[in-house]
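The values are calculated or read from the model by the stated rules, or taken from the named source; none is laboratory data. Since we're looking at a predicted model, the values are computed, not measured. In this analysis, Cβ positions are derived from the backbone assuming ideal geometry, glycine residues included, and neighbour counts consider all displayed protein chains.
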There are 2 protein chains.
Amino acid sequence: MFGGEMVKHWRRQERLVYITQYLIQHPGETINLNTFAAALGVAKSSISEDLALVKSALGRKGLGWVETELGAAGGVCYWPGRGLEEARALAWELCEKAADIRRFIPGGFLYLTDIVFSPQLMAQVGEIFAARFQPRRPDYVVTVETKGIPLALMTARSLGIPLVTARREHKVTEGSAVSMSYVSGSSQRLQTMSLARRALPAGAKVVLMDDFMKAGGTARGLQELLGEFKAQIVGIGVLMEMAEPPQKLVQDYLSLLVFEGVDEKRREVRVRPSDWLVGEKGGGS
Amino acid sequence: MFGGEMVKHWRRQERLVYITQYLIQHPGETINLNTFAAALGVAKSSISEDLALVKSALGRKGLGWVETELGAAGGVCYWPGRGLEEARALAWELCEKAADIRRFIPGGFLYLTDIVFSPQLMAQVGEIFAARFQPRRPDYVVTVETKGIPLALMTARSLGIPLVTARREHKVTEGSAVSMSYVSGSSQRLQTMSLARRALPAGAKVVLMDDFMKAGGTARGLQELLGEFKAQIVGIGVLMEMAEPPQKLVQDYLSLLVFEGVDEKRREVRVRPSDWLVGEKGGGS
C-alpha cells in the first residue's frame, strides 16, 4: 500500500493528521512503526514522538487509547474509548429516540428498526461494547441474523476482529454446517440456527452480540450452537433487554437499555438506561 | 456533548488530532465550526486554519476531502476518499482472497461469507462505493437481508445516511409493510421481500447495495418494491457479479469484482476486478 512511491518529507502537523486518521480507520490492529515511517518519509523516532502527541490528545477527551509496544515485532494499536460518561449520554439519547409513542405497534412491540440499522448510532454503541469487552481479548464477534448484524459488525470493527453470523436456515453456499433448534423467548416458537463448519475454528474466544433480549432464548441457543465449536464465550452484549422476565436464560450479559413496556392508556413508552450506567440504585442522571 | 465543562485552551497539534478523529468518525455529517471552537476553547478563526491543514494533509494521500461551507448555517463535512488506484488495489486484494480453491463448494459456489461479513474489508469497500455514489446525493442506502447488510451498512456510514433493510418475511414488530414476490436469478425460486411502510418516506433518493448479483433478479425485485415508495434509485452497487449471464435484469449497476466461474478439473477459481477498475479492455494491473 505504501511502497513504490517517492515519499517527500511530511511536516509534523501533517503527520499528526495522517497518523490519527490511519489509527481511527484501523481500530484494534497492530501497526508497525516502520509502516508510518516509510509512508511519511521520516525516522521512526519522529513517529514515536508523533504517537505520544496523538495519544495525549485522544486521551484528553477519553476518545480512546493508543498502545505502543516496543521491539522489532512491536507496533502501535488504537482502541476506541467510550467511557462511562459517554456511554450514559448515548444511552439517554437512545432512550429519548426509542420512547416515542409513534413507535408503538399493536401487540406491545416497539418499532426500532431504524435505530438498529443506523450506521451512525450502531458505530457508537459498538464502541461502547468494544471498550467493555476488549480486555477479555475476544477472537470473534458472533451474532445470528438479522437485526443484530449492524451492532455486531460495528463492535467487531472497533475490536479489530472478524464477525461470524449464524443463519436461520442452512445455505447451500456455505458448505457443511452445524444446525440446532431452540425456543425463542420472544415468539415462544421453535426456531433453528445454523453455522458453517468453516466459519469458526475450534476453541475460539467469542463475544455474542444481539439487538434485543427478552428471556435470552436466542442467546442460549447460540451458546449451545457454539458449544459444538468448543468456543469460549467471554461476553454477551445486547442493545436492549426487556425488564420482564428479570431472570434470563443466560448470565453475565451486558445491555445498554431496558424496555419496561408500553402503557397504552397513557400512551407512554418506558425505556431506561441499564443499571450499570446509572449506578446501583438506578438513580443518577 | 461538549457543553457544561470548563474548556482549557488546546494547542494546535492537539486540535489537529481531535478534529481529524472527529471528522473521520462522522463522515458525511455537516459539523458547525462553533462545535469545534467550543470543544477546544479557541476562536473559530483558529479552527478554520486547523481545517485547512487537515484538508491538505488528507488530500496528499487521497484519503478523503474536507468541504467547508461559509456562513451562519455553514460548517465542515468530511467525505472518505478512495481513488481509482486504491479501489484497484483493494479489488486485487479481494480477488486473491476469493480465488482460493478451498473456497470451492460443490455445486459451483464459492464460500465468501467471511469476506462479506468482514468489518475491516467491508468498511474499505463501502468507502469505494460511497465515493462513487456521493455526487448523486442519495438520502438512503437500501438492501435486502442478509449478506448484503455489512457492505450496505458501511456504505451508508461513509455517506452519512441511514440504511433501510428489506426483510424476507414480514415481521409483526415492523407494523404495516409492503410485500412483493420476485424470481431470484441465482436460485430461480419465487421469493418474497417486505419493507415496513414507515421505513422510507415517499420520493427518497436511494442507492441499492448487495453482496452478489447473478442475473439481477433481487435488484429488480428491490426496484419494484421501492417503486411502491416512489423512491428514485440513483445507484446500484454490488461487491461481486457473475460473468454469466452478461445481460442483467437491471442496468447501470457498479460491481467491484467479477466471478467467472470455477474450473473444477484444474482446481482454479476465476475472480477478477470489474472492467471500470482495469480500463476498457479489461487489461492493466
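When restricted to residues that are facing chain A (nearest Cβ under 10 Å), surrounded by 16 or more Cβ atoms within 10 Å (Cβ to Cβ) and under 30 Å from the mean Cα position of the chain (by Cα), region B:30-61 contains 7.
Once region A:130-153 is narrowed to residues that are within 17 Å of B:GLU145 (Cα to Cα) and among the small types (Gly, Ala, Ser), the residue that is surrounded by the most Cβ atoms within 10 Å (Cβ to Cβ) is A:ALA152.
Looking at B:ARG189, is it basic (Lys, Arg), more than 13 Å from chain A (Cβ to nearest Cβ), surrounded by fewer than 22 Cβ atoms within 10 Å (Cβ to Cβ) and out of contact with any Asp or Glu (no Cβ under 8 Å at 6 or more places or on another chain)? Here the answer is no, as B:ARG189 does not meet what is asked. Among the residues of region B:1-19, just one is among the aromatic types (Phe, Trp, Tyr), modelled with pLDDT under 95 and within 18 Å of B:THR30 (Cα to Cα), namely B:PHE2. Scanning region A:75-101 for residues that are at pLDDT 90 or above and farther than 18 Å from A:SER118 by Cα, which turns out surrounded by the fewest Cβ atoms within 10 Å (Cβ to Cβ)? Residue satisfying both the conditions and the ranking: A:ILE101.
In region A:74-88, the residues that are under 21 Å from A:GLU29 (Cα atoms) form Cβ pairs under 7 Å with partners that are of a type in the set (S, T, N, Q) and buried (at least 20 other Cβ atoms within 10 Å of the Cβ), at six or more places apart or across chains, as follows: A:TRP79/A:GLN134; A:PRO80/A:SER158. The set of residues from region A:234-256 being more than 23 Å from A:LEU153 (Cα to Cα) and among the acidic types (Asp, Glu) comprises just one member, A:GLU244. Of the set (1) buried (at least 21 other Cβ atoms within 10 Å of the Cβ); (2) facing chain A (nearest Cβ under 8 Å); (3) under 27 Å from B:GLN247 (Cα atoms); (4) out of contact with any Ser or Thr (no Cβ under 6 Å at 6 or more places or on another chain), all apply to B:ALA156 but (3). Inclusion of B:ALA166 among residues that are in the same structural domain as B:PRO246 (by TED's automatic domain parsing), buried (at least 18 other Cβ atoms within 10 Å of the Cβ), touching a strand residue (DSSP E or B) at 6+ places or on another chain (Cβ under 6 Å) and hydrophobic (A, V, I, L, M, F, W, C) is warranted. Please tell me if B:GLY237 is farther than 16 Å from B:PRO162 by Cβ and either at pLDDT 95 or above or loosely packed, with under 15 Cβ neighbours inside 10 Å (or both). Against the criterion (farther than 16 Å from B:PRO162 by Cβ and either at pLDDT 95 or above or loosely packed, with under 15 Cβ neighbours inside 10 Å (or both)), B:GLY237 qualifies. Could you check how many residues of region A:263-277 are surrounded by fewer than 21 Cβ atoms within 10 Å (Cβ to Cβ), touching a residue at least 24 places away in the same chain (Cβ under 8 Å) and not basic (Lys, Arg)? Selection size over region A:263-277: 4.
Among the residues here, A:PHE109 qualifies as in the same structural domain as A:LEU222 (by TED's automatic domain parsing), modelled with pLDDT under 90, of a type outside the set (Val, Ile, Thr) and farther than 29 Å from B:LEU16 by Cβ. For region B:106-149, name all the residues that are among the aliphatic types (A, V, I, L, M) and farther than 23 Å from B:GLU260 by Cβ. Matches in region B:106-149: B:ALA123, B:ALA130, B:ALA131, B:VAL141, B:VAL142, B:VAL144, B:ILE149. Exactly one residue out of A:LEU51, A:LEU63, A:LEU40 is touching a strand residue (DSSP E or B) at 6+ places or on another chain (Cβ under 8 Å) and modelled with pLDDT of 90 or more, and it is A:LEU51. Looking only at residues in region A:18-29 that are touching a residue at least 40 places away in the same chain (Cβ under 8 Å) and part of a helix (DSSP H, G or I), the one that is farthest from the other protein chains (Cβ to nearest Cβ) is A:LEU23. When we screen A:ARG15, A:ARG102, A:ARG88 for residues that are under 30 Å from A:VAL238 (Cβ atoms), within 10 Å of chain B (Cβ to nearest Cβ) and not in a strand (DSSP E or B), the only hit is A:ARG102.
Does B:GLY237 satisfy being without any contact (Cβ under 8 Å) to a residue 12 or more places away in the chain and in the same structural domain as B:ALA98 (by TED's automatic domain parsing)? No, not satisfied.
Looking across region B:168-177, the residues that are facing another protein chain (nearest Cβ under 7 Å) and closer than 14 Å to A:VAL116 by Cβ come down to B:THR173, B:GLU174. Among the residues of region A:174-194, none qualifies, meaning not one is in contact with a helix residue (DSSP H, G or I) (Cβ under 7 Å, 6 or more places away or on another chain), touching a residue at least 40 places away in the same chain (Cβ under 8 Å) and part of a helix (DSSP H, G or I). For region A:195-238, residues that are under 23 Å from B:THR146 (Cα atoms) and in contact with a helix residue (DSSP H, G or I) (Cβ under 7 Å, 6 or more places away or on another chain) total 12.
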